[in-house]
1. List the longest stretch of the chain that has no exposed loop site; here a site is one of the GluC sites (Glu not before Pro) assigned by DSSP to anything other than H, G, I, E or B, with at most 16 other Cβ within 10 Å.
2. Ala83: net charge of surrounding residues, Cβ under 10 Å, Lys/Arg +1, Asp/Glu -1, itself excluded?
3. Alpha carbon centre of the range 1-72 versus the range 128-189: separation in Å?
4. Per 0.36 nm of contour for each residue apart, how much would the distance between Asp128 and Arg4 grow if the chain were fully extended, relative to their Cα-Cα spacing?
5. Extending each Cα 7 Å along its Cβ direction at Gln153 and Asp15, get the distance between those two points in nm, one decimal.
6. Answer with a single label: of (1) 37, 22, 12; (2) 59, 22, 15; (3) 34, 15, 15, which was calculated as semi-axes √(5λ) of the Cα gyration tensor in Å from the structure in view?
7. Quick one: net charge of Tyr66's neighbours, Cβ under 12 Å, K/R +1, D/E -1?
8. If you stretched the chain out fully between Arg68 and Thr46, how much longer would it get, using 0.36 nm times the residue separation minus the C-alpha to C-alpha distance?
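Nothing in this text is a laboratory measurement; each read-out follows from the coordinates by a stated rule. This is a predicted model, so every value here is computed, not measured. All Cβ positions, glycine included, derive from the backbone under ideal geometry; neighbour counts span all protein chains shown.
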Amino acid sequence: MPLRDEAYSLAIGSDDELFHSYLYDWHIKQGRAEQLLDYDTPFIETYLRDVAGAVPECRDLLWKFYQRREEYLAAAHALYELATSDQCVAPQIATSSWCANASAIDLQTRAFYLAQAVTASKSAADVDAVDADFAAQLSELLDVSNVQVEIAQAISALKESEVSPDVKKDAIDRLNDKVLDIEIVRPHGHML
């Protein structure tokens, strides 16, 4: 076994959670965040949960982690959390000073996350009534986000003679802020 592989094996085999946290941080700083998905340690899932909404480079790691392990409902829930989060606010992570660089998730990305969540929820083998309701909720949210994307595109296409740049920017910012409640989009319960 090459020395580098042996060093990685020893590091990953450590039972020190703080060490793992620093090791995972190092991977991210080195631009190797995707490599974290290959690790099967007792600490990786918690770490990925902590940084999923905080670090743009790690935003997709938790749901990908679950998908690789064929835990599709967990992946759908992680995707739902990303798609519906107000902002990507960095949680309090003692070892991660770079978490303050978190950024908001735009509407296109939210729609992508919801589409992935719908697919993941449909891939789950054991689905009970609660999971079926969750899958239906995901589908509705995806429909809403798609309507929002269409509205944002229509607003973007408006000329300055039709709407002021400030009003246009404000409207698009508000649409990008979050996926709207279904009742706002269909106030009288009509289907989209």
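1. By the stated rule (loop sites, at most 16 other Cβ atoms within 10 Å), 71-159.
2. Once all neighbours under 10 Å are counted, the net charge is +1.
3. 34 Å
4. 40.1 nm
5. About 5.5 nm, to one decimal.
6. Among (1) 37, 22, 12; (2) 59, 22, 15; (3) 34, 15, 15, the one derived from this structure is (1).
7. It works out to a net charge of -1.
8. Extending this stretch completely gives an extra 6.3 nm.
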